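Report on the following structure.
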């Protein structure tokens, strides 16, 4: 486990220097804890890449692979493509998962391509935080209101919280848009993998606190949905009552059998509905940061 953080400015018209620094942080966040960046012909050069002048245009890609014990028999590769979004203040991010790469930037055995989402919106001194291990990545994009959002993924886990070869679960909140967390299970074992949309955080329906009699604070794991089943929760995110914590602070918590450090995000500022049982001023989300 390791982290990679940066304070970045993405102005109303993103400059080449700003764009390169974002790329440098992103690569560091993926590789800090053991994910491996592959060597690809045509991959981004963080010293020369330029921010596009035309909207919805890509400029640079990088491919990463997991490096855990399952990678040899159940490989997972992740391609990240960045570019200009629908305006000069937005970086567009596209993610693709597959089982390999061809060395020239193409994912082989493609399993899923996420809809492009945006980072930026004229964020000054925005705090971007990332953490990773050999089988997971968690990116906070960032903790400030303007750029607020996150993207996480990991291998599926079994009931004992051990990574499995079934596939990948990813979770993200699109910057500056209201709504719930987007969560999907990508099935790597099917020849025609279906992305199963949906997840569940189930806080008590009639409470506004999770503090129990011994003084501990309850957290609510995010359970991804499989086909006709509920999968074991992954340890990248969880819900917590706003009354029980201080937003933007770090919190030690145990989620899916892992005890580690989480960053408490401000769901209200991010227009984020964590659960349909509670509003954003009642329940917020915490993201791994260790």
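The values are calculated or read from the model by the stated rules, or taken from the named source; none is laboratory data. Since we're looking at a predicted model, the values are computed, not measured. As a convention, Cβ positions derive from the backbone with ideal geometry for all residues, glycine included, and neighbour counts pool all protein chains shown.
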Being under 27 Å from residue 163 (Cβ atoms) and in contact with a helix residue (DSSP H, G or I) (Cβ under 6 Å, 6 or more places away or on another chain): is that true of residue 37 here? yes
Considering region 34-50 alone, what residues qualify as being modelled with pLDDT of 95 or more, assigned to a loop (DSSP other than H, G, I, E, B) and either touching a strand residue (DSSP E or B) at 6+ places or on another chain (Cβ under 6 Å) or closer than 15 Å to residue 2 by Cα (or both)? 35, 38, 40, 43, 44, 49
Can residue 53 be described as under 20 Å from residue 114 (Cβ atoms) and part of a loop (DSSP other than H, G, I, E, B)? no
